[in-house]
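Undergrad: Below is one structure. I have some questions about it.
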Amino acid sequence: MINSVLSRLGIEVWKNIPGYEGLYEVSNLGNVKSNKFNKVKYLKLNIPHNFYKMLTVYKNKTSKTRTVAVWSAMAFLNFKPSGHTMIVDHIDNNKQNDCLYNLQIISQRKNLSKDKKPISGYTGVFQNNNKNQWRSQISINGNVKYLGSYKTKEAAAKAYKKELKKII
């Protein structure tokens, strides 16, 4: 929490990247440095066109590549990558802004819907143009489950929320 506030103020705090202690450090401002061979070197990050900042670290002749956001979350937020269940999200949706105050750990499901504003105003609720009704559907593990058609968007949203509670 304090490191997040410091990043908003532009005060840089460094922490070891977990598993690479003494070799690599990441800052709350999204910078990275290497401490190899007792020599500190600020690293230039690989940024593919319009994508996230990437960093490859090396240890014992093996390498691991992750986004700087993930390395930062591991160091400062005790994030443990575990597939796609929980992920590191850029709050402002700027893939280049790896400051700690801009990072949060959220579920993949929340991340997919956090910035989308459907016409209905509800996630999983769509207007059926042919019948002037509202339909509700939910995606579970890539499979779309139809939940029914309703006279009001509120009723369709209620069905979505009910189904969502079953899987969370």
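Undergrad: Carbon-plus-sulfur fraction of the accessible area of the chain, 1.4 Å probe, in percent?
TA: Its accessible area is 52 percent carbon and sulfur atoms.
Undergrad: Could you pull the Rg and Dmax for segment 1-131, using just the Cα atoms, both in Å?
TA: Using the Cα atoms of segment 1-131, the pair Rg, Dmax is 17.8, 71 Å.
Undergrad: Could you compute the FRET efficiency for THR152 and SER107, with r as their C-beta to C-beta distance and R0 at 25 Å, rounded to 0.05?
TA: It comes to 0.35.
Undergrad: Going Cα to Cα from LYS162, which lysines come in below 27 Å? Please leave out same-chain ones fewer than 8 positions away.
TA: Candidates past the 8-residue exclusion: LYS110, LYS114, LYS116, LYS117, LYS131, LYS145, LYS151, LYS153.
Undergrad: Okay, next question. Under 25 Å between alpha carbons, and skipping anything fewer than 8 positions from LYS36 in its own chain: which lysines qualify?
TA: LYS15, LYS44, LYS53, LYS59, LYS61, LYS64, LYS80
The values are calculated or read from the model by the stated rules, or taken from the named source; none is laboratory data. Because the structure is predicted, anything quoted here is derived from the model rather than measured. Virtual Cβ from ideal backbone geometry, glycine too; neighbours counted across all protein chains shown. Heads up: the accessible areas ignore ligands, DNA and RNA and are worked out on the full protein's heavy atoms, side chains in. Shrake-Rupley method; radii C 1.70, N 1.55, O 1.52, S 1.80 Å.
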